[in-house]
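Participant: Take a look at this one; I'll ask things after.
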Amino acid sequence: MRPRAVVLFSGGLDSTTCLSIAKVEGFDPIALSFHYGQRHTNEIECAALIASAAGVEHLITEIDLAAFGGSALVDHSIDVPKHNDVSEIDESGSTIPATYVPARNTIFLSFALAVAEVRGANDIYIGVNAVDYSGYPDCRPEFIESFQAMANLATRVGVEGNQLRIRTPLLQLTKAQIIARGIELGVEYGETLSCYDPAADGGACRYCDACLLRARGFFDAGIADPTRYSVTSKRG
């Protein structure tokens with residue numbers, strides 16, 4: 001039997017690539033998605049379709065980060081930043097963008113840790129990336145290393161000597177490299193959604209940070225962008 005691994009799975013470009021990597025690395029993935037009070041459920045719908053097509057178990061759990069607010073992704077009083085061009089995005093990591101959701105990856109990884117313990121998985125995949133966009137503090141290598149150390153102190157399996165591993169195969173890749181890797185694995189990126197603020201017709205907005213960085217990734221990789229953009233999309 002193939003060993004199990006939990007894959008944090010949003011239905012976006014990065015997490016879908018991670019899901020394929022987990023499979024090719026010999027794991028039987030359990031995809032874990034969240035309704036966490038985000039602005040839209042489009043990504044969860046994509047996640048469900050992708051997981052079904054991949055033939056993997058898909059768990060969706062409910063948490064309410066919108067109750068706390070503090071992020072454009074969960075608080076409708078905060079606008080999702082929109083730009084005309086990717087050059088307008090601060091990629092230096094010197095500022096934390098309004099789309100950062102406080103403690104989100106910490107919370108998601110904690111849920112993944114619980115699933116891993118119950119299901120006998122020693123590996124958790126998360127599609128964090130510290131190259132193309134380093135503004136989120138919970139996407140840094142230091143955070144992942146610290147969480148893994150904590151996980152092995154705070155769990156029965158860790159105490160009993162079965163070390164838990166947080167796997168971050170995309171951490172040091174550019175978006176173009178991630179896309180190229182996914183294409184090698186047969187990922188159908190047209191089925192994924194990365195947009196922070198999709199339009200009413202379900203299409204990507206084209207102007208949020210996620211859309212712009214994704215579009216640049218396809219351009220840099222020399223691959224036609226399969227993203228379905230909204231016909232009504234306009235900048236903010």
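Participant: Taking the conditions exactly as written (free of Cβ contacts under 8 Å to residues at least 60 places away in the same chain, in contact with a Cys (Cβ under 7 Å, 6 or more places away or on another chain) and over 22 Å from residue 22 (Cα atoms)), does residue 199 satisfy them or not?
Facilitator: yes
Participant: Taking the stated definitions as given, is residue 130 over 20 Å from residue 44 (Cα atoms), in contact (Cβ under 8 Å) with a residue 12 or more places away in the chain and either charged (D, E, K, R) or part of a loop (DSSP other than H, G, I, E, B) (or both)?
Facilitator: yes
Participant: Go through region 24-53 and report how many residues are at negative phi, surrounded by 16 or more Cβ atoms within 10 Å (Cβ to Cβ) and in contact with a Leu (Cβ under 8 Å, 6 or more places away or on another chain).
Facilitator: Number satisfying all stated conditions: 13.
Participant: Here is a further query. For residues that are surrounded by fewer than 16 Cβ atoms within 10 Å (Cβ to Cβ), free of Cβ contacts under 8 Å to residues at least 40 places away in the same chain and part of a helix (DSSP H, G or I), tally how many sit in region 158-195.
Facilitator: Going through region 158-195 one residue at a time, the tally reaches 3.
Participant: Please go through region 101-129 and give me each residue that is of a type in the set (Phe, Trp, Tyr) and either modelled with pLDDT under 95 or surrounded by 21 or more Cβ atoms within 10 Å (Cβ to Cβ) (or both), ordered by number.
Facilitator: Going through region 101-129, the residues of a type in the set (Phe, Trp, Tyr) turn out to be 108, 111, 125.
Within region 101-129, 108, 125 meet the criteria.
Participant: Considering only region 188-236, how many residues are among the charged types (D, E, K, R), at pLDDT below 95 and over 19 Å from the mean Cα position of the chain (by Cα)?
Facilitator: 3
Participant: So if I check each of 232, 227, which one is exposed (fewer than 15 other Cβ atoms within 10 Å of the Cβ), part of a loop (DSSP other than H, G, I, E, B), in contact (Cβ under 8 Å) with a residue 12 or more places away in the chain and hydroxyl-bearing (Ser, Thr, Tyr)?
Facilitator: After ruling out the rest, the residue left standing is 232.
Participant: Suppose we keep only residues that are touching a strand residue (DSSP E or B) at 6+ places or on another chain (Cβ under 9 Å) and closer than 17 Å to residue 111 by Cβ within region 59-86. Which one would you say is surrounded by the most Cβ atoms within 10 Å (Cβ to Cβ)?
Facilitator: For region 59-86, the residue satisfying everything is 65.
Participant: Can I ask one more? Somewhere in region 131-154, is a residue within 24 Å of residue 2 (Cα to Cα), of a type in the set (Asp, Glu) and surrounded by fewer than 18 Cβ atoms within 10 Å (Cβ to Cβ)?
Facilitator: For region 131-154, residues within 24 Å of residue 2 (Cα to Cα), of a type in the set (Asp, Glu) and surrounded by fewer than 18 Cβ atoms within 10 Å (Cβ to Cβ): absent.
The values are calculated or read from the model by the stated rules, or taken from the named source; none is laboratory data. All values reported here derive from a predicted model rather than from experimental measurement. Don't worry about glycine lacking a Cβ; one is built from the backbone with ideal geometry, like all the others, and counts go over all protein chains shown.
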